[in-house]
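Here's the structure, in structure tokens; my notes come after.
The values are calculated or read from the model by the stated rules, or taken from the named source; none is laboratory data. Everything quoted here is computed from the prediction, not taken from an experiment. In this analysis, Cβ positions are derived from the backbone assuming ideal geometry, glycine residues included, and neighbour counts consider all displayed protein chains. Keep in mind that these areas ignore ligands, DNA and RNA; they rest on the heavy atoms of the full protein, side chains included. Shrake-Rupley method; radii C 1.70, N 1.55, O 1.52, S 1.80 Å.
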There are 2 protein chains.
Amino acid sequence: MSSRDLDVAATLRNRLPGGLVVTDPDVVASYARDQSRFTESGLPLAVLMPRSTAEVALCMKTLHELGVAVVARGAGSGLSGAANADAGSAVLSLHRMDEILELDVADRIAVVQPGVITSTLRAAAEEAGLFYPPDPGSVEQCTVGGNAATNAGGMCCVKYGVTGDFVIGLEIVLADGRVMRTGRRTVKGVAGYDLVRLFVGSEGTLGVITEITVRLVPAPAPRHTLVASFATLRAAGEVVSDITGAGLTPSLLEILDRTTVQAVDQLARMGLGDEVAALLLIQGDDRDAATLLDRVERVCGERGAVDVARSADPAEADQLLEARRLALPALERLGDWLLDDVAVPRSRIVDLIAAVEEISQRLGIVIGVFGHAGDGNLHPTVIFDAADPESTTTARAAFDEMTRAALELGGTVTGEHGVGRLKREWLARELDPTALAVHAAIKSALDPYGRLNPGAVLEISNRD
Amino acid sequence: MSSRDLDVAATLRNRLPGGLVVTDPDVVASYARDQSRFTESGLPLAVLMPRSTAEVALCMKTLHELGVAVVARGAGSGLSGAANADAGSAVLSLHRMDEILELDVADRIAVVQPGVITSTLRAAAEEAGLFYPPDPGSVEQCTVGGNAATNAGGMCCVKYGVTGDFVIGLEIVLADGRVMRTGRRTVKGVAGYDLVRLFVGSEGTLGVITEITVRLVPAPAPRHTLVASFATLRAAGEVVSDITGAGLTPSLLEILDRTTVQAVDQLARMGLGDEVAALLLIQGDDRDAATLLDRVERVCGERGAVDVARSADPAEADQLLEARRLALPALERLGDWLLDDVAVPRSRIVDLIAAVEEISQRLGIVIGVFGHAGDGNLHPTVIFDAADPESTTTARAAFDEMTRAALELGGTVTGEHGVGRLKREWLARELDPTALAVHAAIKSALDPYGRLNPGAVLEISNRD
């Protein structure tokens, strides 16, 4: 750490309340970055661990006065480098602010601090007879604040939408420490600009989220689950199209490709068979879920499914969904992994998977594809050897080609993981120059010195 | 018109393509304002009627160079003065850009120009076996562009949400004529800031919407409709709470208070009876709508409904909903009207209606309340005599007191009609000073000279 960094850390310790500033090198190092690969980071000069909005405001005001950049952080489970620090910056970890402040059954809203673990909120809602749908893969570790800051998704989205569809109010601390509230507790409201949606998904580049008001929905009916395997990718794709085309609304519609299925089978010996080119996992949670799955089962038969299994029993359903849960752990066993996150129009999923297969074959690298077939959001996962520079270069090339393929299919470079540092250059390709200029103008309006998560989303030159 | 205005109008005619600039005084006067009351407006120097994005861009660039303020406009059916011009400004009417450019059944999206009438889009979606839910009261006149610019609501919102919940992509012309696209065609996407939601509901103060991509949903099941009358307001409120509390999701849940019911009965002789203190109208459009209404009917019985009628027949259902459609026409017959639009948390609807009754009695002025009970968004409508200054003053006072009551009940000053000019001062009361400063900073970043709809939403001093 530079002597300037040591000076700043000492000043922070002097000016901020006791226990708030952590400079222990091991702790600081463990807060330096999220779980992304291929993203740069440096050692921050301190980690600040505020316990209240007032303390967050004090931290931000102090950092503002000292001219120190700051990276706000939830659980650090992100995959895009949206919580990576640079040397000389500070990390602001919201994990101590982990209270559910309110859960109002009549108005179906919850008010939570940003450090509340997402699964904790889901459990609290369930206990109250309600449902908080957002379920990112990291649901047991990630925080509602991190979910809001990245507009996180999950498997629920095909029916329920993403985190942003549930956030109706926010408390925000701005770059200079000023505190504001935006949004509401009502179902509807159009008073002023939709700043809630502007801050949701802005990845800590516009302000720090210190309180979140979310809407809850009625508890779903008992879930019915179906798993179907197919000998061709196209057959699985046709079932997805048929389901969408028939206006059916499953609460989960996931796909695993051949590579992923084989990896899962090697790990868990599910007896899925070598002839399986794709697996579909489908769940319904409406009152007529049985009828929904009857229709899905019929469609699977018409499209030549190899095997179909279904259950209305929760424990059996969990077993049926096991293959999806094991997708990433199974691929991880094959080597180092680089997980992509692209989305295409629903009708282009098969084209995207086919493009990934072509890239995999041409570059001679293993890529497993799994993800949210129901909303066109897939996670092609490149397997490589991080110790081998050539393999690493090929992995990175495959990643770029897949992202480009998604854009060319009318899609987006990130469906739910965010831009962070990983896709900053890709964002600049997805947006037109005027849209990029508007991004920069808004960033500049809210963070004129470019100190909020300066490495993420936009290439902003330091304005100090 | 001033000589400066005449000069500017002549310059516009010279510099813009033929047929685009209209200066006929009668036409210009008819484009000067929307349908709001109690909002100021002046005679614009010209109405520009572009036929394409390129022409909008040319108009905006030219106005920018001439330093002329501009008010973009759909059908002018708004009720908040968000499409009111000032003397010396120009009106940009998007009504000629009325094409549905694309309706993609597989991806369930439509791409439309801003001048498309909302009911036209709904009909086109229906023809394709799909559904575009937004249904503002003015659905037969208003435009999708106007709906997006104001984030319009309607009766569908209790189940489906507001216009903004359906807009996934926009083309925007900025204040200086630059064109940008934002958003996407995919179901999910988190690439960059959510500028779509920032422009939606910004009432023409940040840019001009020239193309809208909306998502469509599967066609609903045949609708089942129920109407119930109650001898007390509280009983009706309890039924609303019971429905919400039971996790039921009607597709329509409207309320009419005693004053409105009596006005409707006088107009249409429905035989509703003097003892009716409130009428509830409830519709379901799920596959199990009959079950839903069975439960609603039971609840109505338990809460002592005076009368309950229901039907699954579309023509009969239309008759049952007639009272809701006649609410405003019936109140209009009583005098001049000033329609408020406030929203409170669902649990406070009865409190809001009671507050309105108290205001009505204390001020000695007739106020009918009707609106969207299912999402807490009500339209208390003050009846007064515009020719009588005292009555007018009282009406304005009642309006202010109702708006204040909504805020005090944890609500918002506008649920769906927008801020416009009518509620600019109320927005400043609802937002905290920091949130207001952020509004101003964003406005300034996108419209540095304050020329886009300068009278609406924010009090912006002229920066020229």
Flagged as over-length at 25 Å C-alpha distance, from A:Lys443/B:Lys423; A:Lys188/B:Lys423; B:Lys188/B:Lys423; A:Lys443/B:Lys188, the pairs are A:Lys443/B:Lys423; B:Lys188/B:Lys423
Once both axes come from the Cα atoms, what is the angle between helix A:389-408 and the longest principal axis of chain A, in degrees from 0 to 90, rounded to 10?
80 degrees
Using only the alpha-carbon atoms, how far is helix B:433-446 inclined from the longest principal axis of chain B? Give it as 0 to 90 degrees, nearest 10.
40 degrees
Within the range A:321-359, the residues whose backbone N lies under 11 Å from a label point placed 7 Å from the Cα of A:Ala268 along the Cα-to-Cβ direction are A:321-330
Using only the heavy atoms of the protein chains and a 1.4 Å probe, how would A:Asp340, B:Asp26, B:Asp288, A:Asp307 rank by accessible area, largest first?
B:Asp26, A:Asp307, B:Asp288, A:Asp340
As a Kirkwood estimate from alpha-carbon pairs, the range A:339-464 has a hydrodynamic radius in angstrom of 15.7 Å
With all protein chains present and a 1.4 Å probe, how do A:Glu102, B:Glu127, A:Glu316 order by accessible area, largest first?
B:Glu127, A:Glu316, A:Glu102
For chain A: accessible area per residue (Å², 1.4 Å):
35 Å²
Using only alpha carbon pairs under 8 Å that are at least six residues apart, calculate the relative contact order of the range B:36-151 and give it in whole percent.
25 percent
Square roots of five times the C-alpha gyration tensor eigenvalues of the range B:3-95, ordered largest first and given in whole Å, equal 21, 14, 11
Around A:Cys300, what is the net charge, scoring Lys/Arg as +1 and Asp/Glu as -1 over all other residues with Cβ under 15 Å from its Cβ?
-2
Taking the Cα centre of chain A as origin, work out the dipole magnitude from +1 charges on Lys and Arg Cβ and -1 charges on Asp and Glu Cβ, in debye rounded to 20.
1180 debye
Normalised by the number of residues in the range B:3-95, what is the relative contact order in percent for Cα pairs under 8 Å and 6+ residues apart?
36 percent
Please give the residues from the range A:277-291 for which the solvent-accessible area of heavy atoms, probe 1.4 Å, is smaller by at least 10 Å² with all protein chains in place than with the chain isolated.
A:Arg287, A:Asp288, A:Thr291
C-alpha long axis of helix B:3-15 to longest principal axis of chain B, angle in °
80 degrees
More than 16 Å apart: what percent of Cα pairs in the range A:62-129 qualify?
59 percent
Descending semi-axes in whole angstrom, ellipsoid equivalent of the protein assembly as shown, from the Cα gyration tensor
44, 35, 28
For the range A:318-342 and the range B:280-332, compute the distance between their C-alpha centroids and round to whole Å.
49 Å
Cut-off under 5 Å, modelled amide H: who pairs with A:Thr143 long-range:
A:Ala75, A:Thr118
Report the Cα-based extents of the range A:379-447 along its three principal axes, largest first, to the nearest Å.
44, 28, 20
Give me the accessible area buried between chains B and A, both sides summed, with a 1.4 Å probe, in Å² rounded to the nearest 100.
5800 Å²
If I model a spin label as a point 7 Å beyond the Cα along the Cα-Cβ vector, how far apart are those points for A:Gln141 and B:Glu332 in nm?
6.1 nm
Only bridges whose two residues both fall in the protein assembly as shown count here: according to DSSP, what percent of them are antiparallel, nearest 5?
90 percent
Hey, with R₀ at 25 Å, roughly what FRET efficiency would B:Arg4 and B:Ala29 work out to, going by the Cβ-Cβ distance, to 0.05?
0.85
Cα gyration tensor of chain A - equivalent ellipsoid semi-axes, whole Å, descending
38, 26, 19
Where the centre of each part is set by its Cα atoms, how far does the range B:3-50 sit from the range A:22-57, in angstrom?
57 Å
For the range B:259-341, max minus min Cα coordinate along each principal axis, in Å, sorted largest first?
42, 26, 25
Ellipticity estimate at 222 nm from DSSP helix runs (n ≥ 4, -39,500 (n - 2.57)) divided over chain B, nearest 500:
-11000 deg cm²/dmol
Computed from the beta carbon distance with a Förster radius of 41 Å, FRET efficiency for A:Thr11 and B:Asp400 to the nearest 0.05 stands at 0.25
Quick calc: nm separation of the 7 Å Cα→Cβ label points for A:Ala386 and A:Leu363 -> 1.7 nm
Of all accessible surface on the protein assembly as shown at a 1.4 Å probe, what whole percent is carbon and sulfur?
48 percent
For q = 0.10, 0.11, 0.20 Å⁻¹, what log10 I(q)/I(0) does the range B:100-218 give under the Debye formula with an equal point scatterer on each alpha carbon and no solvent?
-0.26, -0.31, -1.08
Relative contact order (%) - chain B, alpha-carbon pairs under 8 angstrom, separation at least six
15 percent
Using Stokes-Einstein with the Kirkwood hydrodynamic radius over Cα pairs, what translational diffusion coefficient do you get for the range B:244-383 at 37 °C and a viscosity of 0.692 mPa s, in µm²/s rounded to a whole number?
209 µm²/s
How far is the Cα center of the range A:384-456 from the Cα center of the range B:189-234, in Å?
30 Å
If you project the alpha carbons of the range B:308-350 onto their three principal axes, what span does each projection cover, largest first, in Å?
34, 32, 15
Could you pull out every residue, at least 5 positions away or on a different chain, whose amide H is within less than 5 Å of the one on B:Val366? Hs are placed 1.01 Å off N in the peptide plane, and Pro or chain starts have none.
B:Ile383
Looking at B:Leu267, A:Val413, B:Leu422, which one has the Cα that reaches farthest to the positive end of the dipole of the protein assembly as shown (charges on Cβ: Lys, Arg +1; Asp, Glu -1)?
B:Leu422
